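First comes the structure, then the notes that go with it.
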Amino acid sequence: MEISKITFQNSGYFSKLIVDYLNQDEKLHSLYNRFPTIENFKLQVEEKQRYFSNDKRIVLHQALKQQYRFINASKSTLNNIEKLKEANTFTITTGHQLNLFTGPLYFIYKIISVVNLTKQLKLQYPEYNFVPVYWMATEDHDFEEINHFYLDDKKICWNNDAKGPVGRLSTQSLNNVLDVFKTQLNSGVNADFLKQLFAQSYLQHNNLADATRYLVNELFKDTGLVIIDGDNKALKELFVPSVQDELLKQNAIIEVEKSYNILNDYFIQVTPREINLFYIKDNLRERIVFEDDLYKINNTSIQFTKDEIVEELHKHPENFSPNVILRPLYQEQILPNLCYIGGGGELAYWFELKKVFEAHKTPFPILLLRNSAILVSNKQNEKRQKLQLSWQDLFLKQQSLIDKKALELSSNSFDFKKQKQFLINQFETLKELTIKTHPSFIGAVNAQEKKQIKGLENLEKRFFIAEKKLHKEQLDRIINLQKELFPSNSLQERHCNFAQFYQDYGPNLYTKLFDKLNPLNQNFDILIL
């Protein structure tokens, strides 16, 4: 596997906020705790060790044992669960929605980033244990975001009338999706594995949380990955003080807005509410709102007085679910976590939360941008070389790429910029004459300057149109290759499912990804398979 790199900052696919973070711009320093360097993890360990109690470790260990009771976990995963009871064990975490069959490729890259970072940290700090964790977003409700995946250009979709937390959804109707999936796969051993994996994950488990746990465990069991479901009464009991604080004081919105003096120069990723909690049951997930001195469950007739909702919280903490503002806080209160690994959008909302963590006296984790990659076949790479395209060329937006290559291919050179500057200089000389003649002359000069420059710009556009027609065949091949590698004019990892590549490369795909992706390198990796 050949590997090439483009920095995240130069890829053109990350926001200014993320680029400034990667460049450690001073104006963002107050929005995070420590930048992800190998040296800073020692300081993060020392801070988390002071905060995270042995009592929490016991609860966490028991909850995970219960969640894994029906899973054929590897010895390394079971050992990691046991190590979580020890004071020198810490986690590295990523989270993701319960996308059908893992959804887009970057789900795989997230977990590889987590696993590889734990390995690096163990080499650097052998006196500590580092456990990779995948947090399942079982309490999410946006079914339309998770009910499909793409295999090549085919959208494979699960149509279902979904209500409530997605982790509790029944998987009974997924047999029809499996039938469609089978028709899209090639023949062979790898394709047979994918069919079997889909069937065993979704048709042999009752709900989406159990199905996803099984699926991810099968894909990553030998890495020691620990999968956690926060939709758990024992774990929610640890979070009760913060939930009660949110219900009674409603401070999260105030703390989040303290970040706006900096983030307003960029963008606000998520907007907090007065109460950042949902009330959930099997078919219910609705916001808690405070109106007329009552706590009301939105779009229902359920309501509580202050004393009643506090009583409900202490009796049934499992019925209270943090939204995007408080979910990170919940995660960091129940895990001995050092670092959260996510995409650019995730890190953007984490930057809003540091003051919330401070208000709850909870250490803010290190934030690390996950690995990103493009998987390229040998045939595609040969096309690129024949077309004399650099990887930086292919990362250009389509129109910019066409313009650049049309200019490079053109043998009819004409320097429009030089000609435009010549015109400007000529008119500057004419304008000097206006000082010596009647002022009305300046209007005529300005009008003529505008007209001639506009005419030259139109000629430039027509010239490029003619050149593009002359080199249409070559430019079409360039754009077709870019479309293959950047489907829907987006990153491959945001569109394609891992199955598209696994059916051709099998387990070797995972081996190479683990070997080549380095989580602490700020590079976009191009992997030639």
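The values are calculated or read from the model by the stated rules, or taken from the named source; none is laboratory data. Model, not experiment: these values are computed from the prediction. Don't worry about glycine lacking a Cβ; one is built from the backbone with ideal geometry, like all the others, and counts go over all protein chains shown. For accessibility, only protein heavy atoms count, side chains too; no ligands or nucleic acids. Shrake-Rupley method; radii C 1.70, N 1.55, O 1.52, S 1.80 Å.
Aromatic (Phe, Trp, Tyr) and either in contact (Cβ under 8 Å) with a residue 60 or more places away in the chain or open to solvent by 20 Å² or more (accessible area, probe 1.4 Å) (or both): does that describe Phe149? Yes: the conditions hold for Phe149. Residues of the stretch 5-51 being polar (S, T, N, Q), over 21 Å from the mean Cα position of the chain (by Cα) and open to solvent by less than 10 Å² (accessible area, probe 1.4 Å), which ones? Within the stretch 5-51, Gln44 is the sole residue that qualifies. Do we find that Ile227 is open to solvent by less than 50 Å² (accessible area, probe 1.4 Å) and closer than 30 Å to Arg57 by Cβ in this structure? Yes: the conditions hold for Ile227. Screening Ala87 against (1) under 27 Å from the mean Cα position of the chain (by Cα); (2) surrounded by fewer than 14 Cβ atoms within 10 Å (Cβ to Cβ) leaves a single unmet condition, (1).
Screening the stretch 282-308 for residues that are in a loop (DSSP other than H, G, I, E, B), at pLDDT 95 or above and of a type in the set (S, T, N, Q) and picking the one that is surrounded by the most Cβ atoms within 10 Å (Cβ to Cβ) gives Asn298. Would you check which residues across the stretch 105-136 are under 16 Å from the mean Cα position of the chain (by Cα) and either basic (Lys, Arg) or open to solvent by 20 Å² or more (accessible area, probe 1.4 Å) (or both) and list them? The answer is Tyr106, Lys110.
Looking only at residues of the stretch 217-258 that are of a type in the set (Gly, Ala, Ser) and not in a helix (DSSP H, G or I), we find that the one that is farthest from Lys315 (Cα to Cα) is Gly224. For the residues Leu277, Leu263, the requirement of being surrounded by 16 or more Cβ atoms within 10 Å (Cβ to Cβ), in contact (Cβ under 8 Å) with a residue 40 or more places away in the chain, farther than 25 Å from Ala63 by Cα and of a type outside the set (S, T, N, Q) singles out Leu263.
Among the candidates Lys27, Lys85, Lys42, the residue that is under 15 Å from Leu367 (Cα atoms) and basic (Lys, Arg) is uniquely Lys42. In contact with a strand residue (DSSP E or B) (Cβ under 9 Å, 6 or more places away or on another chain), assigned to a helix (DSSP H, G or I), open to solvent by less than 40 Å² (accessible area, probe 1.4 Å) and among the aliphatic types (A, V, I, L, M), is that true of Ile71? Judged against the criteria, Ile71 is not a match.
Put simply, of Lys383, Lys355 the only residue that is at negative phi, touching a residue at least 40 places away in the same chain (Cβ under 8 Å), under 27 Å from the mean Cα position of the chain (by Cα) and open to solvent by 10 Å² or more (accessible area, probe 1.4 Å) is Lys355. Against the condition open to solvent by less than 40 Å² (accessible area, probe 1.4 Å) and within 28 Å of Val115 (Cβ to Cβ), how does Val177 come out, does it pass? When the stated conditions are applied, Val177 does not pass them.
Looking across the stretch 259-281 at every residue that is part of a helix (DSSP H, G or I) and aliphatic (A, V, I, L, M), the one that is nearest to Ala209 (Cα to Cα) is identified as Leu263. I'd like to check something: does the stretch 135-155 contain any residue that is farther than 22 Å from Thr511 by Cβ, in a helix (DSSP H, G or I) and among the aromatic types (Phe, Trp, Tyr)? The answer is yes; a qualifying residue exists. Within the stretch 191-216, the set of residues being open to solvent by 10 Å² or more (accessible area, probe 1.4 Å) and in a helix (DSSP H, G or I) comprises Asp192, Phe193, Lys195, Gln196, Ala199, Gln200, Asp210, Arg213, Tyr214. On inspection, Asn508 fails the criterion of being within 30 Å of Phe35 (Cβ to Cβ), at pLDDT 90 or above and not aliphatic (A, V, I, L, M).
Leu219 satisfies every condition listed in (1) touching an Asp or Glu at 6+ places or on another chain (Cβ under 7 Å); (2) open to solvent by less than 40 Å² (accessible area, probe 1.4 Å) except (1). Show the residue pairs that are 6+ apart or on different chains and have beta-carbon atoms under 8 Å apart, the first residue being within the stretch 92-119 and over 13 Å from Ile227 (Cα atoms) and in contact (Cβ under 8 Å) with a residue 40 or more places away in the chain, the second being of a type in the set (Lys, Arg) and assigned to a helix (DSSP H, G or I). As it stands, the answer is Pro104/Arg494; Leu105/Arg494; Tyr106/Arg494, since those pairs meet every condition given. Here is the figure for the stretch 156-174: residues that are crowded, with 19+ Cβ neighbours inside 10 Å and assigned to a strand (DSSP E or B) total 1.
Residue under question is Ser372, and the condition is that it be within 30 Å of Phe501 (Cα to Cα) and either surrounded by 21 or more Cβ atoms within 10 Å (Cβ to Cβ) or within 22 Å of the chain's Cα centre (by Cα) (or both); does it hold? Criteria met by Ser372. For the stretch 151-176, filtered to residues that are of a type in the set (A, V, I, L, M) and within 22 Å of Glu493 (Cα to Cα), the residue that is modelled with the lowest pLDDT is Leu151.
The residues listed here are Lys48, Lys5; of these, the one that is of a type in the set (Lys, Arg) and at pLDDT 95 or above is Lys48.
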